[in-house]
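Accompanying notes for the structure given below.
The values are calculated or read from the model by the stated rules, or taken from the named source; none is laboratory data. Worth saying up front: this structure is predicted, and the values here are computed from it rather than measured. With ideal geometry, Cβ positions are generated from the backbone for all residues, glycine too; neighbour counts draw on all protein chains shown.
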């Protein structure tokens, strides 16, 4: 981790201009594992200047040249795959099996999705009226990524910027800097020109704000809380830069009585608890038809009790800790809120699991007898907490599902194919997962309403980083 205390600017690891230190902690042990410097506005200026200078030449490279760089990026990423997996497990507590199979896998999975999309995209086409349409890189991109899926989100932002001929400045979460450092080393080894990719550590108030307000950044792409997304949008408004946002969620999971209840409900609970509930598209509201409500609650309770909470370094399908003390305390407070609101505690509850006296471990918790106006049904908890809400007919179920300020994802369990299509068409969300259907690399990811704007991944993910020009010949 020799580069952890440095920034990657203009093709070299450089000493920060700031001297503010920030500890990196292991969430399973609460012990420090490293230290970074939180950058300042001068560090951002240096990174943006490098990106702006590099854009003049990199934007003129051919798609074939950039594809060759991405293919080389794939080779180096595969060589460093285990390093990425170990880093994510260490810094945010993802169990190592899951870290390999999902967290680190995103680095190669999304890269392949963008390579495939890039090969299919026409950068120049003739319109029916005879005019020529040209797609060009938007410019210097400011990229801010979260801690919960650190490499997944870095890949979804950095790769399309590089693929389209943009240059970029990345501010990863200050809580997960080790995997970001490794990714910068991967880009360096792949041979991208100096200044095309730059990395500056920092917090949102200082580095994030300096990026959003910077006159030489043409686009901001942010993943994180809706509150922070609003702030970035306001800061970016002065320079009218493009802003794409992937924000919060409170995803509904509609269960109809005609579903194959035992496997579908068990999988739904496990999906909610996956990544210790720290996923913006987690199905955290189980909305259940009344005729099967008691059965569903029983299956959910048994499933939650069987979920193991364990050491992130151990192989297996257990869940790990929450990522830091602040998040642990926030989740504990929301569990108390649910109890105070009168919901029935079906499984789990406050405190650490038995035998865990240190680390930010949380008990997989389920509340039943929840109404959708309760805080635990409306607010994003971002922990292993599921609420179960009953509904009568199909219309009521859809109404409850849509009764949220968010619209990132939705889930649907039914044995009726016509109902699946009918209900999915009425759900206000960017993705609907039907009977366990999972996300595939290359598909667009993003949400409706306060879950953000823009799409990440595949062809649409490339288009977010491009301007469209029309040529009119006389």
**Item:** Residue count, region 231-255 (criterion: touching a helix residue (DSSP H, G or I) at 6+ places or on another chain (Cβ under 7 Å) and within 22 Å of residue 428 (Cα to Cα))
**Value:** 9
**Prompt:** Based on what the data block shows, is residue 199 within 27 Å of residue 449 (Cα to Cα) and buried (at least 24 other Cβ atoms within 10 Å of the Cβ)?
**Reply:** no
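Which residue out of 437, 458 is under 23 Å from the mean Cα position of the chain (by Cα) and assigned by TED's automatic domain parsing to the domain that holds residue 25?
Values: 437 fails: assigned by TED's automatic domain parsing to the domain that holds residue 25.
Only one candidate qualifies: 458.
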**Request:** Could you tell me whether region 409-416 includes any residue that is closer than 21 Å to residue 264 by Cα, without any contact (Cβ under 8 Å) to a residue 60 or more places away in the chain and touching a helix residue (DSSP H, G or I) at 6+ places or on another chain (Cβ under 7 Å)?
**Result:** no
**Fill in**
Selection from region 425-442 of residues in a loop (DSSP other than H, G, I, E, B) and modelled with pLDDT of 95 or more yields 427, 428, 429, 430, 431, 435, 436, 437, 440, 441, 442
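Answer with yes or no whether residue 50 is farther than 19 Å from residue 145 by Cα, touching a strand residue (DSSP E or B) at 6+ places or on another chain (Cβ under 7 Å) and assigned to a helix (DSSP H, G or I). Reasoning before the result, please.
Working: farther than 19 Å from residue 145 by Cα: yes; touching a strand residue (DSSP E or B) at 6+ places or on another chain (Cβ under 7 Å): yes; assigned to a helix (DSSP H, G or I): yes.
Answer is yes for this residue.
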**Request:** Please work out which one of (1) surrounded by fewer than 23 Cβ atoms within 10 Å (Cβ to Cβ); (2) part of a helix (DSSP H, G or I); (3) in contact with a strand residue (DSSP E or B) (Cβ under 6 Å, 6 or more places away or on another chain) is the condition residue 230 fails and give its number.
**Result:** (3)
**Fill in**
Per the filter on region 296-313, residues more than 15 Å from residue 267 (Cβ to Cβ) and in contact with a helix residue (DSSP H, G or I) (Cβ under 7 Å, 6 or more places away or on another chain) are 312, 313
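Only one of these is touching a strand residue (DSSP E or B) at 6+ places or on another chain (Cβ under 9 Å), under 17 Å from residue 254 (Cβ atoms), surrounded by 18 or more Cβ atoms within 10 Å (Cβ to Cβ) and modelled with pLDDT of 95 or more: 296, 309, 331. Name it. Steps first, answer last, please.
On the way: 309 fails: under 17 Å from residue 254 (Cβ atoms); 331 fails: under 17 Å from residue 254 (Cβ atoms).
296 is the lone residue from the list that is touching a strand residue (DSSP E or B) at 6+ places or on another chain (Cβ under 9 Å), under 17 Å from residue 254 (Cβ atoms), surrounded by 18 or more Cβ atoms within 10 Å (Cβ to Cβ) and modelled with pLDDT of 95 or more.
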**Message:** Need a quick list: strands (runs of 3 or more DSSP E) entirely within region 361-424 having at least 3 residues that are closer than 18 Å to residue 288 by Cβ, outside the structural domain of residue 277 (by TED's automatic domain parsing) and under 23 Å from the mean Cα position of the chain (by Cα).
**Reply:** none
**Asked** Has region 243-257 got at least one residue that is crowded, with 21+ Cβ neighbours inside 10 Å and assigned to a helix (DSSP H, G or I)?
**Response** no
